[in-house]
1. All but one of (1) surrounded by 18 or more Cβ atoms within 10 Å (Cβ to Cβ); (2) at pLDDT below 65 hold for Gln192; state the number of the condition that does not hold.
2. Which residue out of Leu178, Leu183, Leu160, Leu117 is out of contact with any strand residue (DSSP E or B) (no Cβ under 9 Å at 6 or more places or on another chain) and touching a residue at least 60 places away in the same chain (Cβ under 8 Å)?
3. Look at Pro127 and say whether it is more than 30 Å from Gln182 (Cα to Cα) and at pLDDT below 90.
4. Just the residues that are modelled with pLDDT under 90 and either more than 24 Å from Phe90 (Cβ to Cβ) or touching a Phe, Trp or Tyr at 6+ places or on another chain (Cβ under 9 Å) (or both), please, taken from segment 132-156.
Amino acid sequence: MRRTEGLNAPRNLGVHAAHIGAGYSETPPMWEWNIQPRAHACQDCGRAFKKGESLHTLLFDERQAYRRLDVCEGCWQARHAQGDNHRRGFVSHWVGQYEPPPPEPPEPIARENAESLLRKLVARQAPEFTGSVFVLAVMLERKRVLKAKAQTREGGRRVLIYEHARTGEVFPIVDPELRLDQLDAVQREVAQLLEHGLPSEANSPPPALEAAPVPSETSPPRTEPPPAAGPLPVPAPAP
C-alpha cells in the first residue's frame with residue numbers, strides 16, 4: 001500500500017501540478033508502470049494533432065493503474081481547465097508540443113546507447129539497477145533527450161517524472177539519493193552495461209561488478225571496465 005504525499009513540480013519547468021491531499025492508494029508504485037507514449041489525436045474529441053500543435057497532458061491515479069490523457073487546447077479549455085486539478089486521483093498536468101512519431105530506426109548493429117539501455121532497464125524493473133537507471137536519465141536530460149516535468153514522493157522516495165522530448169513518452173525515475181562515494185561504482189556499472197549489454201542479452205556476459213573471479217588455469221586475467229568520464233551531477237531536491 002502506497003501513501004500519496006503530494007507533488008511539487010520544479011518551478012523553472014513551468015509545470016502545473018497539484019498538491020495531493022494525504023491518503024492511501026492501491027495503485028502500484030509509479031516506477032512500475034508501463035511507459036505510455038504521447039497520443040497522436042486528442043483523447044476527448046478525436047481530432048488528430050498537427051506537428052507543433054500545443055497539447056495538454058494530464059496524469060491520473062486510478063487505483064489499479066496510472067492513466068495518461070492528452071487533449072487539444074480547445075478540449076482543455078472546455079472540459080479540463082476548471083477543476084481537473086481538484087479531481088480525485090489527479091497527479092500532474094503540463095503543456096507540450098506534438099511531434100509526429102519518427103521513422104523506425106534501422107536494426108542496431110553497434111553497442112548499446114544510453115536511451116536503449118534506459119528503456120530495457122525500465123522494462124526490467126530490477127531494483128539492483130536503480131542507480132544505473134537514475135544516472136542514465138541524468139545523462140539523457142543533459143543531452144536534452146529527456147525533460148524533467150514533475151516530481152512526487154512514493155514510499156518515502158523521490159520519483160522524477162521525465163518526458164521524452166521527441167516521442168512524448170513518460171519515464172518515472174526513482175532518485176536513489178546516491179552519495180558522492182557511490183557515484184564511481186554506479187558509473188562503472190553503466191559503462192559496463194553500455195559496452196556489453198544486460199547480462200541475459202550479451203553473448204558473453206561479463207562478470208558482475210561485485211562478483212569474485214572463478215579460478216582457472218586457462219582463464220584470462222580479469223580487467224576492470226574503464227570509469228565513465230567525469231562525475232555526473234545529481235539533481236538537487238526541489239525546494
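1. Failed condition: (2).
2. Details: Leu178 fails: touching a residue at least 60 places away in the same chain (Cβ under 8 Å); Leu183 fails: touching a residue at least 60 places away in the same chain (Cβ under 8 Å); Leu160 fails: out of contact with any strand residue (DSSP E or B) (no Cβ under 9 Å at 6 or more places or on another chain).
Sole residue among the options that is out of contact with any strand residue (DSSP E or B) (no Cβ under 9 Å at 6 or more places or on another chain) and touching a residue at least 60 places away in the same chain (Cβ under 8 Å): Leu117.
3. Details: more than 30 Å from Gln182 (Cα to Cα): no; at pLDDT below 90: yes.
No; evaluated as a whole, the condition is false for this residue.
4. Matches in segment 132-156: Glu154 only.
Okay, residues lined up against (1) open to solvent by less than 30 Å² (accessible area, probe 1.4 Å); (2) among the charged types (D, E, K, R); (3) farther than 28 Å from Val190 by Cβ; (4) assigned to a loop (DSSP other than H, G, I, E, B):
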residue	(1), (2), (3), (4)
Leu55	yes, no, yes, no
Leu58	yes, no, yes, no
Val71	yes, no, yes, no
Gln77	no, no, yes, no
Gln82	no, no, yes, yes
Lys120	no, yes, no, no
Phe129	yes, no, no, no
Arg144	no, yes, no, yes
Leu160	yes, no, no, no
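The values are calculated or read from the model by the stated rules, or taken from the named source; none is laboratory data. Since this is a predicted model, take the numbers as computed values, not measurements. FYI the Cβ positions are ideal-geometry reconstructions off the backbone, even for glycines, and counts take in every protein chain you see. With ligands, DNA and RNA removed, areas are computed over all heavy atoms of the protein, side chains included. Shrake-Rupley method; radii C 1.70, N 1.55, O 1.52, S 1.80 Å.
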